[in-house]
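Scroll down for the structure; my scribbles are underneath it.
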Amino acid sequence: VQLQASGGGLVQDGGSLRLSCVASGGCFTTSHMAWFRQAPEKERTPVAAVTWHGGQTWYVDSVKGRFTISKDNSKNAMYLQMQSLKPEDTAVYYCAAARWSGGTWYPLFEDNWGQGTLVTVSS
């Protein structure tokens, strides 16, 4: 599956952004999906995930109550609504098919990250 993330940009502390991820090919409609992010000089980590049917969601503690993930199988798309953004949310955000293991989410395909979209939150 090919994934294209978009919607990033520069926003002030407390602002909002909506990220989109459009998939082509593959098995998007039957895949769990997740957003990961990588801040400068840090490892890429999961931020939010949604089950293949969109019925269950997961969030890392630092974004709970601020971010909302959703999946629209009819459009082969996934979204991340981000509110009350903080400078520590600054990162490149990637979407990926994902798997749950050992209490966290991992990419289903380690080498299929796509381009990512940069989110910068200024203080």
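Pairs linking a residue in the stretch 95-123 that is closer than 20 Å to W52 by Cα and in contact (Cβ under 8 Å) with a residue 40 or more places away in the chain to a residue that is open to solvent by 40 Å² or more (accessible area, probe 1.4 Å) and part of a loop (DSSP other than H, G, I, E, B), with Cβ atoms under 6 Å and 6 or more positions apart or on different chains, are A97/L108; A98/H32; A98/L108; R99/L108. Close contacts from the stretch 24-39, counting a first residue that is at positive phi and a second that is surrounded by fewer than 19 Cβ atoms within 10 Å (Cβ to Cβ), with Cβ to Cβ under 8 Å and a gap of 6+ residues or different chains, come to G25/V1; G25/Q2; G26/V1; G26/Q2.
In the stretch 25-66, what residues are of a type in the set (G, A, S) and assigned to a loop (DSSP other than H, G, I, E, B)? Even if it seems obvious, please write down each step before you answer.
First, the residues of the stretch 25-66 that are of a type in the set (G, A, S): 25-26, 31, 34, 39, 48-49, 54-55, 62, 65.
G25, G26, S31, A39, G54, G55, G65 - these are the residues of the stretch 25-66 that are of a type in the set (G, A, S) and assigned to a loop (DSSP other than H, G, I, E, B).
Between Q2, Q12, Q56, the distinction of being in contact (Cβ under 8 Å) with a residue 60 or more places away in the chain, farther than 18 Å from V121 by Cα and exposed (fewer than 15 other Cβ atoms within 10 Å of the Cβ) belongs to Q2 only.
The values are calculated or read from the model by the stated rules, or taken from the named source; none is laboratory data. What you are looking at is a predicted structure, and each value in this text was computed from that prediction instead of being measured. Virtual Cβ from ideal backbone geometry, glycine too; neighbours counted across all protein chains shown. Side chains included, ligands, DNA and RNA excluded: accessible areas come from the protein's heavy atoms. Shrake-Rupley method; radii C 1.70, N 1.55, O 1.52, S 1.80 Å.
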